[in-house]
1. Which FRET efficiency, nearest 0.05, do Asn164 and Lys57 yield, Cβ-Cβ r, R0 25 Å?
2. Using a cut-off of 19 Å between alpha-carbon atoms, which aspartates and glutamates can reach Lys6, once sequence neighbours fewer than 8 places away in the same chain are excluded?
3. Would you calculate, for the chain, the mean residue ellipticity at 222 nm contributed by helices, counting each DSSP H stretch of 4 or more residues as -39,500 (n - 2.57) and dividing by all residues, to the nearest 500?
4. Using alpha-carbon positions, what is the distance between the centroids of segment 116-138 and segment 78-115, in Å?
5. Which percent of the accessible heavy-atom area of the chain goes to carbon and sulfur, probe 1.4 angstrom?
6. Could you work out the Kirkwood radius for the chain, taking every pair of different alpha carbons, averaging 1/r and inverting it, reported in Å?
7. What does the accessible area of His161 come to, in Å² to the nearest 10, when a probe of 1.4 Å is used?
8. Compute the distance from the alpha-carbon center of segment 143-168 to that of segment 1-65, in whole Å.
Amino acid sequence: LKDFRKRLREAEEVEDFVAEGRRLFTASPPYELTIVVSHAKRRKICQQADKRARYEKEDVVLRPSQDLGEIATYLGLSLRCIEADYNRGLVKGMWYTIVEMEPLTLEETIQRHGEDEKRRVEPSLETFGKKLTRTEAFTAASVQGATIEGRVAIHDLDNPHMQNKSVLEMATGRAVHSQNLCFLEKDGRSTTNARSPPTLDGAGSASDPNVS
């Protein structure tokens with residue numbers, strides 16, 4: 001992965017690196033994060049993950065979301081703050097996990113330097129709806145500096161914006177290990193699942209949330 005990024009930084013043409021990346025980086029779904037170009041694609045992936053959660057999870061509570069519409073919330077759901085609310089303790093770009101449902105309590109996923117415990121916040125229903133969203137997908141512009149321990153997929157690789165050398169190198173670097181990274185095919189499938197097209201079943205669960 002380090003060698004790939006180094007060569008990419010020094011390259012003049014990116015197209016060959018997209019093809020090489022699809023051969024090298026083939027982690028299978030599900031992905032902790034899918035990196036895309038457009039907010040429309042991001043919302044679609046998150047909404048499909050939400051449909052799957054309603055079918056698979058127990059004790060789901062539906063709550064409003066300005067970003068995605070009504071979403072299912074449950075213990076362990078990962079959320080990200082898209083707009084700061086310092087009165088409520090929400091920090092823009094911070095990732096949170098739901099640790100209590102009543103009252104709704106979120107815990108920061110990173111323990112701050114010098115503190116003994118991870119901070120917790122209790123957002124109001126209005127704050128939750130306006131400030132938080134699911135984390136299955138984000139635009140490349142929103143993940144700079146993030147380090148993802150789980151599996152990461154890069155979508156929109158045929159889009160000229162993603163083929164910008166700096167953008168692609170940055171997106172590739174969000175994964176910690178090469179085996180956790182996948183360069184998706186144009187239709188949103190991983191190379192290893194290229195013969196199994198993603199679908200939504202009748203119960204509303206997505207067999208693969210990373211469709212195009």
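1. Details: r = 37 Å, r/R0 = 1.49.
The calculated FRET efficiency here is 0.10.
2. Partners within reach: Glu15, Asp16, Glu20, Glu169.
3. Theoretical 222 nm ellipticity from helices: -7500 deg cm²/dmol.
4. 5 Å
5. Details: 5030 of 11160 Å².
Roughly 45 percent, rounded to a whole number.
6. Values: mean 1/r = 0.0556 Å⁻¹.
That comes to 18.0 Å for the chain.
7. Rounded to the nearest 10, the figure is 130 Å².
8. 8 Å
The values are calculated or read from the model by the stated rules, or taken from the named source; none is laboratory data. No experiment lies behind these values; they were computed from the predicted model shown. As a convention, Cβ positions derive from the backbone with ideal geometry for all residues, glycine included, and neighbour counts pool all protein chains shown. Note: areas computed on protein heavy atoms with side chains; ligands, DNA, RNA excluded. Shrake-Rupley method; radii C 1.70, N 1.55, O 1.52, S 1.80 Å.
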